[in-house]
Amino acid sequence: MPTMPKSVIWVRTDTGGADHALVDDRRGLNARGVAVAATPLPYTCQYELTTDEDWTAVRLTVTTEGAGWLRTVRMERALGRWRVSTAEQGDLDRALRAVGQRPVGLPGTEEPGRLDAALDVDLGAAPLFNTLPIRRLKLAGRPPGEEHRITVAWVRVPGLEVLAAEQIYTTAGPDRVGYRSGSFATELTVDPDGYVTHYPGLAERG
């Protein structure tokens, strides 16, 4: 396993937790990360991400694990289509009900064809993944007001369901990018390399 030249850490502001990513962004992005969240259900999330040189996502593996359960989803894009496979141990839905949360059903997707338009992947509660469209669309430093509507393969945590989701990125200044998904909207602060430094209500760079 190759070493990575950069280390990026985010501290969660919505719950106790953190996200540590090791990245190599010299030719696209290769990244490995570990995230921990304390509430409402404690879990650990490990991910490995690969893009091509244009920052288009080509491969993602995610494993989430908590007391009495473990889930994995593997995604790979080839010839314009996503292939999605999953594995599961234990009973996540039982763990969720025990802390008063709704069950989430099975990991992965039953309709992988709906992901075909997605050039980006987005892992829930992981600020690293906002960097993919920011870099792929070259948003950093662009004049304010440019709007880009994209489809992403959104991986929800901790259940690892994979959904096609529409997101909108809007340039807002030299270090700011607007982000919208459904009814949710916020403004991200980013560094010169496009990595999030402040995600309101979710995380701050450590």
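The values are calculated or read from the model by the stated rules, or taken from the named source; none is laboratory data. Keep in mind that this is a model prediction, so the values were computed, not measured. Glycine gets a Cβ as well: all are built from the backbone with ideal geometry, and neighbour counts include every protein chain shown. Quick note on the areas: whole protein, heavy atoms, side chains included, nothing else; ligands and nucleic acids left out. Shrake-Rupley method; radii C 1.70, N 1.55, O 1.52, S 1.80 Å.
Hey, does the range 163-180 have a residue that's in a loop (DSSP other than H, G, I, E, B) and either at positive phi or among the polar types (S, T, N, Q) (or both)?
no
What are the residue pairs meeting all of these: first residue in the range 1-27, first residue farther than 20 Å from Val62 by Cα, second residue not β-branched (Val, Ile, Thr) and not in a strand (DSSP E or B), Cβ atoms under 6 Å, and 6 or more apart or on different chains?
Correct list of pairs: Asp14/Gly201; Asp14/Leu202; Thr15/Ala38; Gly16/Ala38; Arg27/Glu53.
Among Val84, Val99, Val121, which is the only one that is within 16 Å of Val157 (Cβ to Cβ), at pLDDT 95 or above and surrounded by fewer than 18 Cβ atoms within 10 Å (Cβ to Cβ)?
Every option except Val99 fails the conditions.
Condition check ((1) within 13 Å of the chain's Cα centre (by Cα); (2) charged (D, E, K, R)) across all residues:
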residue	(1), (2)
Asp120	yes, yes
Arg142	no, yes
Gly159	no, no
Ala165	yes, no
Asp175	no, yes
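Conditions tested, residue by residue: (1) within 24 Å of Gly16 (Cβ to Cβ); (2) among the aliphatic types (A, V, I, L, M).
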position: His148; (1), (2): no, no
position: Gly159; (1), (2): yes, no
position: Thr171; (1), (2): no, no
position: Val177; (1), (2): no, yes
position: Gly182; (1), (2): no, no
position: Tyr199; (1), (2): yes, no
position: Glu204; (1), (2): yes, no
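Which pairs do you get when a residue that is within 18 Å of Arg136 (Cα to Cα), found in the range 169-187, comes within reach of a residue that is of a type in the set (D, E, K, R) and modelled with pLDDT under 95, reach meaning Cβ atoms under 6 angstrom, with the pair 6+ apart or on two chains?
Thr171/Arg142
For Phe129, are the conditions met, namely being closer than 22 Å to Ala203 by Cα, open to solvent by less than 70 Å² (accessible area, probe 1.4 Å) and of a type in the set (Phe, Trp, Tyr)?
Criteria met by Phe129.
In the range 1-51, which residue that is assigned to a loop (DSSP other than H, G, I, E, B), among the hydrophobic types (A, V, I, L, M, F, W, C) and over 23 Å from Trp69 (Cα atoms) is least open to solvent (accessible area, probe 1.4 Å)?
Filtering the range 1-51 for residues that are assigned to a loop (DSSP other than H, G, I, E, B), among the hydrophobic types (A, V, I, L, M, F, W, C) and over 23 Å from Trp69 (Cα atoms), the one least open to solvent (accessible area, probe 1.4 Å) comes out as Leu29.
Are there any pairs, at least 6 apart or on different chains, whose C-beta atoms fall under 6 Å, with the first in the range 63-78 and under 18 Å from Ala98 (Cα atoms) and the second among the basic types (Lys, Arg), and if so, which?
So the pair list comes out as Thr64/Arg71.
Are there any pairs with C-beta distances below 6 angstrom linking a residue in the range 133-149 that is within 11 Å of Tyr179 (Cα to Cα) to a residue that is assigned to a loop (DSSP other than H, G, I, E, B), with the two at least 6 apart or on different chains, and if so which?
Ile134/Gly194; His148/Leu137
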